[in-house]
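Here the structure is laid out as structure tokens; the discussion comes afterwards.
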Amino acid sequence: MSHAFTPFKAKLLKGDVDFDEAGNDLRVLLVLTGSNAASDPDLEFVSAITNEAAAGGYVRKALATQAVATDLANNRGEFSADAVVWTGLTITGAIGFVIFRFVTNDADSPVIAYIDSGGFPVTLGGAGGTLTITPNAEGLLQAT
């Protein structure tokens, strides 16, 4: 089940998080079956994530064209970015992805959210395939 990580929620309330593209280097990583990202909402940094993908064609991806919008009709804020695409990816059992803010290394890069909707789990074998994470019209994350 998708969730925002608890330490991130505290950082958000303290004003320590800015989703504007110029303010933060936001990235995504894929996690595999058995990753603690799916079951432990109290993780704080990337270094605590287990079972990150390590397949052919896999690299962590930076989010581009980050945008924050106000949805008055639904009483919420929405965060979105361009689609993220991996090509030539040979992966088995990708269960979701983690959004995080890269600082200098995994030990000081805070995790923001784990998301497992949008077609997960995914298996791309053989010569590899393409995996695209496309934010829906209401964004990757919402604050209600």
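In a GNM of the chain with a 10 Å cut-off on Cα contacts, which of Ala81, Ala73, Ala113 has the highest mean-square fluctuation?
The residue that fluctuates most here is Ala73.
When ranked by the protection proxy of mean other Cβ atoms within 10 Å per residue, highest first, what sequence do the peptides 49-56, 130-137 form?
49-56, 130-137
Just subtract the alpha-carbon distance of Thr50 and Lys9 from 0.36 nm times their residue separation and send over the number in nm, one decimal.
Between Thr50 and Lys9, full extension yields an extra 12.7 nm.
Under a GNM of the chain (C-alpha, springs under 10 Å), which listed residue has the highest mean-square fluctuation: Val98, Val17, Val28?
Val17
In square angstrom, what is the accessible area per residue of the chain with a 1.4 angstrom probe? Walk me through the numbers before you get to the answer.
Values: 7220 Å² over 144 residues.
Normalised by residue count, the accessible surface of the chain is 50 Å².
Whenever you get a sec, compute what percent of the accessible area on the chain sits on carbon and sulfur atoms (1.4 Å probe).
Answer for the chain is 53 percent, counting heavy atoms of protein chains only.
Would segment 67-134 count as rounded, prolate or oblate if I go by the C-alpha gyration tensor, calling it rounded below 1.5 in a/c and otherwise prolate when a/b exceeds b/c, oblate otherwise? Don't skip to the end; give the middle numbers.
Values: a/c = 2.40, a/b = 1.48, b/c = 1.63.
It is oblate, given that a/c is not under 1.5 and a/b is not larger than b/c.
Could you check the simple spin-label distance between Glu138 and Leu72, using points 7 Å along Cα→Cβ, in nm with one decimal?
The answer from the label model is 1.9 nm.
The values are calculated or read from the model by the stated rules, or taken from the named source; none is laboratory data. Computed from a prediction, not measured in an experiment: that's the story for all the values here. Every residue, glycine among them, receives a Cβ derived from its backbone with ideal geometry; neighbour counts consider all protein chains shown. SASA here: full protein model, heavy atoms, side chains in, ligands and nucleic acids out. Shrake-Rupley method; radii C 1.70, N 1.55, O 1.52, S 1.80 Å.
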